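The values are calculated or read from the model by the stated rules, or taken from the named source; none is laboratory data. Source: prediction; values computed, not measured. Quick reminder, even Gly has a Cβ in these numbers, built from the backbone with ideal geometry, and neighbours come from all protein chains shown.
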């Protein structure tokens with residue numbers, strides 16, 4: 001063959017190089033497929049790890065988290081709200097203890113002979129009436145329950161109450177406060193019998209057995225069987241009306 005024929009054709013080198021590259025790529029692809037050993041790259045690790053493994057680390061299966069999620073509390077323990085603190089009073093609960101409100105039930109006591117001063121005064125109007133004035137001499141608010149238990153000397157019973165004078169609420173007296181009740185001593189028309197003169201008077205209070213003395217005007221007062229009393233009220237005008 002002529003020497004010129006044995007020279008490499010410069011146009012044939014690119015084709016030769018491309019052929020070698022295709023052959024090498026095919027060889028690498030076959031090697032990768034045959035090296036998996038499982039076909040189609042199927043994993044046998046069970047549940048796949050939720051995180052990618054780092055270099056040189058085997059992938060681990062995902063495990064359920066035992067820690068509470070955000071905004072949830074461990075079972076049996078309530079989640080503390082915003083601004084709450086340990087030992088805080090539950091919503092709707094009331095704190096106990098004595099308050100400084102004089103009208104609070106724990107700061108009030110009944111009016112009795114021990115914390116009341118009584119004054120009996122004869123009045124010109126209405127006729128044959130007497131006004132009872134009581135003053136709270138104690139240090140706490142006291143309640144005048146019902147009506148006065150009026151007992152003149154020698155009386156066999158206490159006079160009944162006039163129901164139309166009943167107030168809407170119990171009359172309560174702060175320390176130094178006053179309450180009032182009226183007593184009808186006798187009937188102006190003589191319908192109450194002959195009557196008599198009484199010179200001593202004691203006043204009792206509903207729910208208490210003690211009696212408080214009340215001085216009568218000099219010479220005493222005339223009483224008969226028409227004796228009546230009003231309820232305890234907050235003003236003298238209401239008591240005498």
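General observations
Each row is one residue, and each column tells you yes or no for (1) more than 38 Å from the chain's Cα centre (by Cα); (2) at pLDDT below 95.
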{"residue": "161", "(1), (2)": "yes, no"}
{"residue": "179", "(1), (2)": "no, no"}
{"residue": "193", "(1), (2)": "yes, yes"}
{"residue": "202", "(1), (2)": "yes, no"}
{"residue": "209", "(1), (2)": "no, yes"}
{"residue": "221", "(1), (2)": "yes, yes"}
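- Restricting 188, 213, 219, 192 to residues that are in contact (Cβ under 8 Å) with a residue 24 or more places away in the chain, part of a loop (DSSP other than H, G, I, E, B) and surrounded by fewer than 17 Cβ atoms within 10 Å (Cβ to Cβ) narrows the list to 188.
- Single unsatisfied condition, residue 142 versus (1) more than 15 Å from residue 110 (Cα to Cα); (2) without any contact (Cβ under 8 Å) to a residue 40 or more places away in the chain: (1)
- Filter pass, residue 100 being within 35 Å of the chain's Cα centre (by Cα), surrounded by fewer than 10 Cβ atoms within 10 Å (Cβ to Cβ) and modelled with pLDDT of 50 or more: yes
- Filter pass, residue 231 being in a loop (DSSP other than H, G, I, E, B), closer than 27 Å to residue 109 by Cβ, touching a helix residue (DSSP H, G or I) at 6+ places or on another chain (Cβ under 8 Å) and at pLDDT 95 or above: yes
- The single condition among (1) without any contact (Cβ under 8 Å) to a residue 40 or more places away in the chain; (2) within 51 Å of the chain's Cα centre (by Cα); (3) surrounded by fewer than 21 Cβ atoms within 10 Å (Cβ to Cβ) that residue 167 does not meet is (1).
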